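Shown next, in structure tokens, is the structure this report addresses.
Bear in mind that the values in this text are calculations on the coordinates, not laboratory data. In this text, all values refer to a predicted model and were calculated from it rather than measured experimentally. Heads up, the Cβs are rebuilt from the backbone with ideal geometry, glycines too, and the neighbour counts pull from every protein chain shown.
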Amino acid sequence: MQASQAVRADRVLSQTLLSEYEKALDRLELEQRNAEEHSRQSGVIGCDELARKKASVAAMKKAKQIQAESEESLRNSLKILEQTQQTSVETASLLKGQTEQLKDIYAGVAGLDDGLRTSNRLLAQIARRACQDRLTACLFVILVICIVGAVIVRMLFHAPAPEPWNPVPPAPASAGRAMRGAP
């Protein structure tokens, strides 16, 4: 927007300068014609007048050349300004697109960050469970080893088997003889 306003302002300024140059040239041409007319009417052309006339013609040619160069320079400046404006519009659209891409990337990174936090939490839980499972397996192996050891000790050091328990106590040996008629 600002570039287009600057181009318009430069165009107005260049048109104003061109019109001023044209007015100055018209005045110089008019003065030259008046001087020529005056010298014709007087019939005498002096060396000074002839030198002034040549100088004014040379000045007119120089002014026209400067005007032509200025016009060409202004046209080139306008072309450059238009190209700059077009480039700035393209750059602005590219920057807008890149801004959107950066926003999308930021959103993606934020999502990845959340995913990484969740995965770290889950990995920590899995590691704790794995440790608990290993501890449980070790305790189970120790228990099995203790049971097997107890069985082996029992087999190696075989103690007499205890007599089965009888709820009725056995009768004393002397009482049984008395009943039978023992001596």
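Classify region 75-164: rounded, prolate or oblate, from the alpha-carbon gyration tensor (a ≥ b ≥ c, eigenvalue square roots; a/c under 1.5 rounded; otherwise prolate if a/b is larger than b/c)? Prolate, since a/c reaches 1.5 and a/b exceeds b/c. Net charge in the neighbourhood of SER88 (other residues with Cβ under 14 Å of its Cβ; Lys, Arg +1, Asp, Glu -1) is -1. Applying the Karplus relation 6.51 cos²θ - 1.76 cosθ + 1.60 with θ = phi - 60° to region 125-137 yields 3J(HN,Hα) values of 5, 5, 4, 4, 5, 5, 5, 4, 5, 5, 4, 4, 5 Hz, where x marks Gly and Pro. Setting aside same-chain residues fewer than 8 positions from LYS64, which aspartates and glutamates have a Cα under 14 Å from its Cα? Output for LYS64: GLU20, GLU22, ASP26, GLU29, GLU72.
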